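No value in this document is a laboratory result; all are computed from the given coordinates. In this text the structure is predicted, and so the values were computed from the model without any measurement. Because the Cβ atoms are built from the backbone with ideal geometry, glycine has one as well, and the counts that use them run over all protein chains shown.
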Ligand code: ADP
């Protein structure tokens with residue numbers, strides 16, 4: 001009789017509900033794996049600048065009698081600590097996006113204002129390399145989303161365009177409304193990215209050339225952040241790039257006359 005009761009109870013749970021519970025567990029396991037990977041990667045990435053700082057501090061102490069050496073090593077300490085703080089900042093930003101979705105309350109966002117703010121912030125680094133940034137400013141494009149997150153995304157693309165281009169080159173930002181989409185394109189004439197690498201650059205901590213990226217203060221997180229921001233806005237990112245010729249990263253977001261669309265992913269285009 002007892003067995004019969006149990007069977008009756010189980011039969012009452014709908015198969016759909018069981019399936020949903022199983023999917024929920026799979027999703028929870030997937031998220032847990034992502035979180036674990038992230039912690040391992042983060043610890044690894046933090047070890048390098050922290051180790052370098054410890055070593056440099058020891059060197060400064062040992063060279064205390066030599067003011068020239070002290071100045072040189074202090075300069076390197078400053079560079080490492082700037083890198084460390086950029087890394088910590090981006091780790092916090094990315095985990096916030098991963099956990100909550102970072103867009104916050106939806107508001108109508110003026111894309112020309114987003115671009116103007118991002119360009120303004122990127123200008124100092126660009127000027128140091130004699131790179132000019134040209135941006136048109138009157139598209140009138142609007143999307144639903146988060147102004148600050150979109151500024152971060154465009155700023156990350158601009159920082160990369162500057163970091164991976166030669167001195168004296170030009171970087172451009174264009175905005176246009178294409179059907180139901182708003183497209184924001186950041187164009188550079190820098191080193192470019194091969195098709196194989198284009199598939200990988202959105203991975204966390206992935207860099208085509210780790211030494212070069214470290215030199216330019218890169219963290220390997222910039223494009224992961226971009227990808228999360230656009231996915232949260234129901235958009236995607238498209239890369240066009242040719243090694244030696246340059247790259248164009250285009251953010252495509254649903255225009256504000258439409259309700260925010262489903263999640264989309266980053267993909268590449270040769
Ligand atoms: P990083 O902080 O290293 O720049 P990102 O996630 O922003 O990290 O970019 C990942 C990698 O993609 C970079 O290390 C670089 O190799 C490549 N990359 C990104 N943007 C560009 C670009 N505009 N031109 C050439 N390579 C780029």
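For the range 14-161, what does the alpha-carbon gyration tensor say about shape, rounded, prolate or oblate, given a ≥ b ≥ c as the root eigenvalues, a/c under 1.5 as rounded, and a/b over b/c as prolate? Provide the component values of the computation, followed by the final result.
Working: a/c = 4.34, a/b = 1.31, b/c = 3.32.
Because a/c hits 1.5 or more and a/b fails to exceed b/c, the range 14-161 counts as oblate.
Under a 10 Å cutoff between Cα atoms, tell me which one of 32, 183, 93 has the largest fluctuation in the Gaussian network model of the chain. Evaluated over the chain, the most mobile residue of the options is 32. Take every pair of alpha-carbon atoms less than 8 Å apart whose residues are at least six positions apart; their mean separation over the length of the chain yields a relative contact order of 16 percent.
Using just its DSSP H runs of length 4 or more, each adding -39500 (n - 2.57), the chain gives a mean residue ellipticity at 222 nm of -19000 deg cm²/dmol after division by all residues.
Would you mind getting me the FRET efficiency between residue 62 and residue 82? Use the beta-carbon distance for r and R0 = 22 Å, nearest 0.05. Please report the intermediate quantities before stating the final value.
Values: r = 23 Å, r/R0 = 1.06.
E(calc), rounded to 0.05, equals 0.40.
How high is the relative contact order of the range 34-87, in percent, counting Cα pairs under 8 Å that sit 6 or more residues apart?
41 percent
Is the C-alpha gyration tensor of the chain telling us rounded, prolate or oblate? Criteria: a/c under 1.5 is rounded; beyond that, a/b larger than b/c is prolate, otherwise oblate. The shape class here is oblate.
Label separation (residue 206 vs residue 92): 2.8 nm, computed from points 7 Å beyond Cα along the C-beta direction. Remark: spin-label model distance residue 127-residue 39 equals 4.4 nm, labels positioned 7 Å along the Cα→Cβ axis.
Work out the FRET efficiency for residue 176 and residue 30 from their Cβ-Cβ distance, taking R0 = 45 Å, and round it to the nearest 0.05. Write out the running numbers ahead of the final one.
Working: r = 37 Å, r/R0 = 0.81.
The formula returns an efficiency of 0.80 here.
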